[in-house]
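Have a look at the structure below before the remarks.
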Amino acid sequence: MVQKLEFLPKLESLRGLAAVSVVGYHAFGQFTDTYVTGMAPVVLFFVLSGFVLARSLDRNDNIVAFLRHRLFRLFPAAIATVLLLTVLYEGFGFHLGFEPDFSPLNVALNALMIKHDINGPMWSMTVECFATPVIILSFLAGRQFGPRSLIPLIVILFGLSFVGPYAHLLGGYANLAPLHAFVLGVALHFSGRGLVEAIGRRQIMVAAVACAVFLYCGLQKQTAPIILLEACSSGLLVALIAFGAPQRGFRFLDQPVISFYGRISYSFYLLHMIGLSIAVRICTIDGWPMLSILLSIVLGVLLTTPMAWMSWRFIERPFIAIGKKWRDRRREVLTTT
């Protein structure tokens, strides 16, 4: 079945804001000894992925086509980022964090997002690739048995998030504790409209509370309960934006500059540590940590933006177009036969 589900630009803009906010978290960590890691925006990414990918499967439930689309969507920009970092290391000795292994095998494993020691933030992409079959199975279960059938899976995954060996199963920086966020996003695809209708006229108040909870949790140590709260507050915001009545509180997401960062958000996230690392080296002022943080955030965003735009324009868009042409060509073949 192929269904027509409209594109939701506000959700893309929300992803852009989350990507830019990661720069702030990482800049703060460069100058202070803190347990605040920037997990909250990543949890929001995961909820958004579950929701958006469930919509994609609802439009076209061909699993092979879905996986091919994900391949063309995720890997080209990630491979380009890893190759860029490899060239920067070989040419200038530039690297992010602790000096990683740039042997051909390790570069290949990073490019395939099996490992993520060359570009630490790509740990979330490792988790996202791991979550792909979970998203597909959750969608099939939700469509067949209803969104309530996903509650036991969310509960099980939340329970597992307390178990260290499970949370760190993928190694490196990867953390499986937020895996339930993907399933929550899928569940919202089926039940989000009903949830928003139940909220009724209190949508603005609920959105404000969800924002407050999300921001509070984002500044806490990332324990399993905190991550769950981040997922639930993110889910409320996603549902309200997707299904709620037009509200003043979300109109800022339609601003052109925010929409722009939404479009380039994936490449921005992949590349932001390069821009931030350069910014930190320029903006460090001894004895002025807060000023150093603010200057590093501004310069880090400014340096990352043109790189992210070029990656989006010359890597992401062309490969997405190739994936679409492949799909259309397959449809033509099936139609003619």
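Under the Kirkwood approximation applied to all pairs of distinct alpha-carbon atoms, what is the hydrodynamic radius of the range 1-84 in Å? It would help to have the intermediate numbers written out before the result.
Numbers: mean 1/r = 0.0660 Å⁻¹.
Mean inverse Cα-Cα distance, inverted, gives 15.2 Å.
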Check: What do you get when you divide the Cα radius of gyration of the range 73-122 by 2.2 N^0.38 Å, with N the number of residues?
Finding: 1.01
Item checked: the chain, accessible area per residue, ligands and nucleic acids excluded (1.4 Å, Å²) -> 50 Å²
Margin query: Using 0.36 nm times the number of residues separating Ile204 and Ile114, minus their current alpha carbon distance, what extension gain do you get?
Written below: 28.3 nm
Next item on the list: Have a look at Ala77, Ala212, Ala308 and tell me which one the Gaussian network model of the chain (Cα, springs below 10 Å) gives the largest fluctuation.
Entry: Ala212
Next item on the list: Mind grabbing the accessible area of Asp254 for me, 1.4 Å probe, Å², rounded to tens?
Entry: 80 Å²
Item checked: Nitroxide proxy distance, nm - points 7 Å out along Cα→Cβ at Ile278 and Trp309 -> 1.4 nm
Check: Once the whole set of protein chains is in place, how much accessible area is left on Trp309, using a 1.4 Å probe, in Å² to the nearest 10?
Finding: 100 Å²
Next item on the list: Can you send over the carbon and sulfur percentage of the accessible area for the chain, probe radius 1.4 Å, protein chains only?
Entry: 68 percent
Item checked: Spin-label model distance (nm) - Asp61 vs Leu219, 7 Å beyond Cα toward Cβ -> 4.5 nm
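Can you bin the range 153-201 into rounded, prolate or oblate? Criterion: square roots of the alpha carbon gyration tensor eigenvalues sorted a ≥ b ≥ c, rounded for a/c under 1.5, prolate for a/b above b/c, oblate for the rest.
Prolate is the answer for the range 153-201, as a/c is 1.5 or above and a/b outweighs b/c.
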Item checked: Leu291-Leu71 pseudo-label distance in nm [points 7 Å out on the Cα-to-Cβ vector] -> 5.3 nm
Check: How big is the convex hull of the Cα atoms of the range 44-185, per residue, in Å³?
Finding: 106 Å³
Margin query: Tell me the mean residue ellipticity at 222 nm calculated for the chain from its helices only (DSSP H runs of n ≥ 4, each -39500 (n - 2.57), averaged over every residue, nearest 500).
Written below: -24500 deg cm²/dmol
Margin query: Quick check on packing: order 48-57, 180-189 by the mean number of other C-beta atoms within 10 Å, highest mean leading.
Written below: 180-189, 48-57
Check: Scaled to the compact-protein estimate 2.2 N^0.38 Å, what is the alpha-carbon radius of gyration of the chain, rounded to two decimal places?
Finding: 1.00
Item checked: 15 Å cut-off, amide nitrogen to a point 7 angstrom out along Leu169 Cα→Cβ, residues in the range 36-72 -> none
Margin query: What are the membrane-span-like helices in the chain by this rule: whole DSSP H runs, Cα extent along the axis at least 24 Å, mean Kyte-Doolittle hydropathy at least 1.0?
Written below: 39-59, 63-92, 123-145, 224-243, 265-283, 289-311
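The values are calculated or read from the model by the stated rules, or taken from the named source; none is laboratory data. Just so it is clear, the model here is predicted, and its values are computed rather than measured. Because the Cβ atoms are built from the backbone with ideal geometry, glycine has one as well, and the counts that use them run over all protein chains shown. Quick note on the areas: whole protein, heavy atoms, side chains included, nothing else; ligands and nucleic acids left out. Shrake-Rupley method; radii C 1.70, N 1.55, O 1.52, S 1.80 Å.
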